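The values are calculated or read from the model by the stated rules, or taken from the named source; none is laboratory data. Quantities reported herein were computed from a predicted structural model and do not represent experimental measurements. Heads up, the Cβs are rebuilt from the backbone with ideal geometry, glycines too, and the neighbour counts pull from every protein chain shown. Side chains are part of the model used for accessible areas, which takes the heavy atoms of the whole protein and leaves out ligands, DNA and RNA. Shrake-Rupley method; radii C 1.70, N 1.55, O 1.52, S 1.80 Å.
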Amino acid sequence: MFSNEDYLADLLVEAGAVTPEKLDQARQKGGAVVERLLSDTDLSESTVCAVLAQNAGMDAIDLGQMTIDPEVASAVPDDIARRYKVIPVADDGVYLTVAVADPFDFETMDSLPHVLGRELSFVCAPIDAVTLFLKQFYGLTESGSNLDIAGAHDVEVSDSDAPIIRLVQNLLTEAMKNRCSDIHIEPLETSVRIRYRIDGKLVEIDNHPKKLLPAIVARLKVMSGSMSIAEKRLPQDGRIQVKLGDKEIDLRVSTVPSNHGESVVMRILDKSGLVLGLPELGFFSDDQAEFEKLIGLPDGIVLVTGPTGSGKTTTLYACLNVINKPDKKIITVEDPVEYEMPGINQVMVKTDIGMTFAAALRAMLRQAPNIIMIGEIRDAETANIAINAALTGHLVLSTLHTNDAPAAVARLADIGIKRFLIASAVRAALAQRLVRKLCPVCKAPHTLTDKEARALQFDASRDAGATIMGPVGCDKCRGGGYRGRAGLFELFQVDDEVRHLINENLGSSQLRKRARELGMRTMREDGVRKVLAGLTSPEEVIHVTMADFE
């Protein structure tokens, strides 16, 4: 309870707060002496505080008579307050005054100024008052922490809990309500800007006083369990597991020092996305049937291509969800592991210790897998191992950064893979983009403009009966007219003729032209189908497929 119970007990006797007889009786019973005196005699917490303060040359205060500014309370991150059992009570800009229950805990008083990076002054307060305030301001539970044994942070706190805890909780709760994919906490010159990315678009949600930034960032670092509060000069990465209602959510956290303070981005990884099937991603039945045949093959490489943020990884996880069967051994190598999938062996890249994509792949092949998923093919070494795996009886799923599907061939060749190996190993490449889906509540008929009709190559006779829909805006979609996203797809399959063309060293444009002649549907054409189905708007398809001109 206190750092030196016997010494304090002797001080209480000297001050006349307890008799020597009562002290002897307390010591005979064993346990914490002062705690025994508090329970067995009329000794009060305030008396103990007064005796301690007098002997330590410190002022004693009554926390029960004080109103503490939440901004002052936020000057000490919750994990620090809990660890050192301190309450910040005043801040004059030079000294931060903190209340302690044990002024003889010299370790705390020596180390806390360095931890907080502040000049501190100390006052003494009764331990019951300190404990109460820790609970009120920092969410201290009976066990002394909000963190459960698994390290997942339960953000469901009561109205009496800390303002910073409530602020962060509300931030996460609102993000989930709005189907946000990531949260941006950005320090500006005089404020902290909060933005959500909703359906691919950044939306400004709120602004907070700049002085709250350190407490907000510290709170998130504590929740991650692996990020240093003291380190503010270097980028850091972490992961937070939170429970919001009945949902468990993973957050990937990144902090980067900027000229106005640490900028934080949290990517929300909703585990419910693991159950997505191909139709939920936006596949129509004919494309789904073709793609399922490809990912059901016993060997070869199937690539998913597109720019950053086009949903490639989600598509790969959906593929694994389809083909994950008890008779298949599936291993993934990812940087980082975004979702944990039952029944699948997942390996995370750790380049700092030599666990690169290539090193992980070489080890994985000794595990006799049927299916390998590679987060991304980035270099010749990884590509060569993937090609060799595909040619020796493994199905390999991976991603590439290319603008369209046929360009995957040129990309692999640029990396350094010989064309005959590409032709032999690659079964297909799926290019994709994400379009916002029209809000089902408020979408309404839309009259095509001449520009839209030309861009989408609408056929008046073929499409005359279709009702084109457009965005309106309502409370359900925050006035934007869109809610959720779906994929536009372009499936490039490598058959015998295409294999011959690859060996003939044809360029991407020639491969694309021939693939079109063989029936490949472009992303814009897939978008037109989704416009005709009322899934999205002409404007959205035109914007997302701007480069898809013939």
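For this structure, a couple of remarks:
- A 1.4 Å probe run over the protein chains yields, for the stretch 1-62, 56 Å² of accessible area per residue, whole-number rounding.
- Summarising the amide proton neighbourhood of Arg239: residues at separation of 5 or more, or on other chains, whose placed amide H is nearer than 5 Å comprise Ser226, Val253.
- Element breakdown for the chain at a 1.4 angstrom probe: carbon and sulfur atoms account for 49% of the accessible area.
- Normalised by 2.2 N^0.38 Å, where N is the number of residues, the alpha-carbon radius of gyration of the stretch 56-115 equals 1.09.
- Span from the the stretch 280-313 Cα centroid across to the the stretch 363-406 one, whole angstrom: 15 Å
- Inter-part distance where the stretch 429-501 and the stretch 15-59 are each reduced to a Cα centre, Å: 76 Å
- Based on C-alpha pairs under 8 angstrom that are at least 6 apart in sequence, the stretch 437-534 has a relative contact order of 34 percent.
- Sequence-distant contacts, meaning Cα pairs under 8 Å at least 6 residues apart, place the relative contact order of the chain at 9 percent.
- Averaged over residues, the count of other Cβ atoms within 10 Å places the peptides 427-438, 385-396 in the sequence 427-438, 385-396, highest first.
- Distant-in-sequence amide H partners of Cys124 (H built 1.01 Å from N, under 5 Å): Asp59, Ala60, Ile61, Val100
- Using distinct alpha-carbon pairs, which all enter the 1/r mean, Kirkwood radius of the stretch 504-550 in Å: 11.8 Å
- Cα shape, the stretch 433-550, gyration tensor, a/c 1.5 rule: prolate
- The stretch 336-387: equivalent-ellipsoid semi-axes (sqrt of 5 x gyration tensor eigenvalues, Cα, Å): 17, 14, 11
- P(r) tail for the stretch 206-318: Cα pairs beyond 18 Å make up 64% of the total.
- Rg/Rh for the stretch 1-63 (Cα atoms only, Rh after Kirkwood) is 0.95.
- Bridges between two residues of the chain, per DSSP, are antiparallel at a rate of about 65%.
- Annotation: lysines with alpha-carbon distance below 21 angstrom to Lys243 (same-chain offsets under eight excluded): Lys135, Lys177, Lys221, Lys271.
- Residue-wise HN-Hα coupling along the stretch 249-263, computed from phi with Karplus coefficients 6.51, -1.76, 1.60 (Hz; x: Gly, Pro): 10, 9, 10, 8, 10, 10, 10, 9, x, 10, 5, 10, x, 7, 8
- One quarter of the convex hull surface built on the alpha carbon atoms of the stretch 442-493 amounts to 5.3 nm², the projected area averaged over directions.
- Electrostatic tally near Ile422: other residues with Cβ closer than 12 Å to its Cβ, Lys and Arg +1, Asp and Glu -1, net +4.
- Taking only the Cα atoms of the chain, the radius of gyration and Dmax are 31.0, 105 Å.
- Under the Debye formula (equal points on every Cα, no solvent term), log10 I(q)/I(0) of the stretch 370-516 at q = 0.10, 0.11, 0.12, 0.14 Å⁻¹: -0.53, -0.61, -0.69, -0.80
- In terms of overall dimensions, the C-alpha atoms belonging to the stretch 1-127 reach 48, 27, 23 Å along their principal axes, ordered largest to smallest.
- Distances between placed amide hydrogens fall under 5 Å for Ile205 paired with Ile194, Arg195, Tyr196, all partners being 5 or more residues away or on another chain.
- Packing-based order for 173-179, 214-220, using average beta carbon neighbours within 10 Å, highest first: 214-220, 173-179
- Among 90-102, 398-410, the order from most to least packed when residues are scored by Cβ within 10 Å on average: 398-410, 90-102
- Here the Karplus relation 6.51 cos²θ - 1.76 cosθ + 1.60, evaluated at θ = phi - 60°, turns the backbone of the stretch 59-70 into coupling constants of 6, 9, 10, 10, 4, x, 9, 10, 10, 9, 4, x Hz, with x for every Gly and Pro.
- Loop-located trypsin sites (Lys or Arg not before Pro) in the stretch 456-550 whose Cβ has at most 12 other Cβ within 10 Å (DSSP): Arg462
- Residue order for Lys232, Lys221, Lys328 - accessible surface, 1.4 angstrom probe, largest first: Lys232, Lys328, Lys221
- 3J(HN,Hα) along the stretch 191-201: 8, 10, 8, 10, 10, 10, 9, 10, 6, x, 10 Hz, from the Karplus curve 6.51 cos²θ - 1.76 cosθ + 1.60 with θ = phi - 60°, whole Hz, x for Gly and Pro.
- Surface exposure of the stretch 63-109, expressed per residue as accessible area with a 1.4 Å probe, stands at 44 Å².
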